[in-house]
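Report on the structure given below.
Values in this text are rule-based calculations from the coordinates and carry no lab data. Source: prediction; values computed, not measured. So basically every Cβ, Gly included, is an ideal-geometry build from the backbone, and we count neighbours across all protein chains shown.
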């Protein structure tokens, strides 16, 4: 992971949710930002991986809480005003991780993208 990719990835994880909170939840933007930061807890599923950290591994589709099966559940959280901020945080987290996968694949392995579940799903549309 190069420096620009790392800065972009972690800025999207920690700073962009603040901007999203400020734009879409202006009355409670600090609380919304905090809740969205708390959705980073889905990264606890990385503790189940072996090896624990692999800079060349795409977390989307690999870790249980980053799987394609949980995405509809996260999207369903958008339907209720009580869970909407959590849903936004979780989906933006996955979008950030997906962006990181695209960057990684572009830099290291175009074939990895073509062989990924993400490519297969995107080609259905």
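For the chain, take the longest principal axis of its alpha carbons; what is the angle in degrees between that and the long axis of helix 29-38, to the nearest 10 within 0 to 90?
40
In a GNM of the chain with a 10 Å cut-off on Cα contacts, which of 41, 90, 12 has the highest mean-square fluctuation?
Between 41, 90, 12, it is 41 that shows the largest mean-square fluctuation.
Looking only at Cα atoms, what is the convex hull volume of segment 3-122 per residue, in Å³? Present the calculation step by step, with values, prior to reporting the outcome.
Working: hull volume 13.2 nm³, N = 120.
In segment 3-122, the Cα convex hull volume per residue is 110 Å³.
Given the rule -39500 (n - 2.57) for each run of at least 4 DSSP H residues, summed and divided by the residues of the chain, what is its mean residue ellipticity at 222 nm, to the nearest 500 deg cm²/dmol?
Numbers: 7 runs with 73 residues, N = 125.
That comes out to -17500 deg cm²/dmol.
Please label the shape of segment 1-59 as rounded, prolate or oblate, based on the square roots a ≥ b ≥ c of the eigenvalues of the alpha-carbon gyration tensor (a/c under 1.5 means rounded; beyond that, a/b larger than b/c means prolate, else oblate). Present the calculation step by step, with values, prior to reporting the outcome.
Working: a/c = 4.51, a/b = 1.77, b/c = 2.54.
Oblate is the answer for segment 1-59, as a/c is 1.5 or above yet b/c matches or exceeds a/b.
Report the residue, chosen from 51, 72, 26, that carries the largest GNM mean-square fluctuation when the chain is represented by alpha-carbon nodes joined by springs under 10 Å.
Comparing 51, 72, 26 in the GNM, the peak value goes to 51.
Any idea how far apart residue 29 and residue 3 come out in nm if each label point goes 7 Å out from Cα toward Cβ?
About 3.0 nm, to one decimal.
Separation between the residue 43 and residue 79 pseudo-spin-labels, each 7 Å from Cα along Cα→Cβ, expressed in nm?
Reported label-point gap for residue 43 and residue 79 is 3.0 nm.
Does segment 54-125 come out rounded, prolate or oblate, given a ≥ b ≥ c as the square roots of the eigenvalues of its C-alpha gyration tensor, rounded meaning a/c under 1.5 and, failing that, prolate meaning a/b above b/c? Present the calculation step by step, with values, prior to reporting the outcome.
Working: a/c = 2.60, a/b = 1.97, b/c = 1.32.
Prolate, since a/c reaches 1.5 and a/b exceeds b/c.
Between residue 15 and residue 57, what FRET efficiency comes out of the Förster formula 1/(1 + (r/R0)^6) with R0 = 25 Å and r the beta carbon distance, rounded to 0.05? Show your work: numbers first, answer last.
Details: r = 24 Å, r/R0 = 0.96.
Result of the calculation: an efficiency of 0.55.
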